[in-house]
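In what follows, a single structure is set out as structure tokens and then discussed.
The values are calculated or read from the model by the stated rules, or taken from the named source; none is laboratory data. Remember, it's a predicted structure, so these values are computed and weren't measured experimentally. Methodologically, a virtual Cβ is constructed for each residue, glycine included, from the backbone with ideal geometry; neighbour enumeration extends over all protein chains shown. Accessible surface areas use protein heavy atoms only, side chains included; no ligands, DNA or RNA. Shrake-Rupley method; radii C 1.70, N 1.55, O 1.52, S 1.80 Å.
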Amino acid sequence: MQNLNTYILAIESSCDDTSCAVMKNRQVLSNVTANQHIHAQYGGVVPELASRDHQKNIVPVVHAALKKANIELKDLHAIAITRGPGLMGSLLVGISFAKSLSLALAIPLIEVNHLQAHILAHFIEDEVTLANGFPQFPFLCLTVSGGHTQLVKVNDYLQVEILGQTIDDAVGEAFDKAAKIMGLPYPGGPLIDRHAKEGDPSKFKFASTKVPGYDYSFSGIKTSFLYFIQNNVQKNANFVAENLKDICASYQQHLITVLLRTTKQVIKDHSIKELAIAGGVSANSELRLQILALEKELTIRTYLPKFEYCTDNAAMIGITAYFKYQKKEFSGLDMVPLPRMIL
Ligand code: KG4
Ligand code: ZN
């Protein structure tokens, strides 16, 4: 007999968050994440510490997700896990755990590409998405995270085309590195967002690099920010403290301008009617406002993920696995992590 409902337990452990979700079809029954605070003092994720913390967190996080969902292991139909991209040690912890669980329960293992999952988070069913509707294929997705910056044409749930991407650093790194230069803790993106709210976005100007096609480059912007701070601090030791809000607002605006310039070009050239954003940086309040404003400016529809599905979470792995489950796209127990997995 066909299953009426599909229950999937999904795990995400690609970087520094250990997350587990239980899905009932396209609905999230639970989505529990343990954040690792240990990295803040180092100004970035320390891979060895991240994998050790995943080992500590994974069992309690899975228990908590099952309990919150009120689901028992015997009710599950599949185990989903991030295969990559990500940190080797972090991925290994999640993959080993997921394999053992799928073997013990004799249910399929489903590998998920983390980048695809950020995009498919838009197809999670909840009161908001059911009221507003889901993106219609084909749509353009601007994926902006700590590790990636991509413009992706999404033709179907599991069929995507990369139109452009960063040739060096990700925009999330450009946020985090600038924050570190100003002495703010990791991850600095949310802090820049917060300070920028009270600052003047036109106060300071930054350089940008011209890149051919629809690609991005953020490494030169990071360096220009470093020189900007160094030069000003030489003249006034309190420059950062005295101008923090304006620096954050101006730098954030610069990054958004760079992101949207190419996005708008793609929308024009490819006659795009629907635009979504995904990934950790899509939590940025000013980016969200400026994406929304494109609805009127370009007569398109835009889609912003719920805050809880912007940064890394297992619900996005679960929704992707749901679509793969429909197609019986299962993995063998010989599946290995792919730290540089591409879309
Ligand atoms: O998607 P994500 O959780 O992990 C990766 O797959 O990389 O993204 C993390 C990134 C970090 O660089 C973090 O600073 C950034 O997302 N981020 C933000 C905001 N919230 C998270 N950047 C700017 N503004 C925010 N509100
Ligand atoms: Zn991510």
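Quick look at the numbers
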item	result
R0 of 51 Å, Cβ-Cβ distance ILE300-ASP334: FRET efficiency to nearest 0.05	0.70
For segment 124-140, Karplus couplings with θ = phi - 60° (6.51, -1.76, 1.60), whole Hz, Gly/Pro x	5, 8, 8, 4, 6, 5, 5, 6, 8, x, 9, x, 9, 6, x, 10, 9
Fraction of antiparallel bridges per DSSP, the chain only, in percent to nearest 5	60 percent
Amide H contacts of VAL28 (H built 1.01 Å from N, under 5 Å, at least 5 apart or other chain)	GLU125
Relative packing of 269-281, 309-321, which averages over residues the other C-beta atoms within 10 Å, highest first	309-321, 269-281
Simple label model, 7 Å out from Cα along Cβ direction - THR6 to LEU343, nm	2.2 nm
Unsatisfied cross-links (Cα-Cα over 30 Å) in the set LYS56/LYS245; LYS273/LYS306; LYS180/LYS306; LYS68/LYS273; LYS210/LYS268	LYS56/LYS245; LYS68/LYS273
Computed label-point distance, nm, for sites ILE167 and GLN27 using a 7 Å Cα→Cβ extension	4.9 nm
Accessible carbon and sulfur surface of the chain relative to its total accessible area, %, 1.4 Å	53 percent
Stretch gain in nm, segment LEU158-VAL59, where the contour uses 0.36 nm per residue and the Cα spacing is subtracted	32.7 nm
Amide proton proximity set for ALA276, modelled H, under 5 Å, gap of 5+	LEU140, CYS141, LEU142, TYR303
Inter-label distance for LEU105 and ASN238, nm, one decimal - labels placed 7 Å from Cα along Cα-to-Cβ	5.9 nm
For TYR7, net neighbour charge (Lys/Arg +1, Asp/Glu -1) across residues whose Cβ lies under 9 Å away	0
Å² of accessible area per residue within the chain, as computed with a 1.4 Å probe and no ligands counted	45 Å²
Extension reserve of the GLN230-ALA131 stretch, reckoned as 0.36 nm per residue once the Cα distance is removed	30.7 nm
Summed residue charge, Cβ within 12 Å of HIS37's Cβ, Lys/Arg positive, Asp/Glu negative	-3
q = 0.06, 0.12, 0.15 Å⁻¹: log10 I(q)/I(0) that the Debye formula gives for the chain, counting C-alpha atoms only	-0.22, -0.85, -1.25
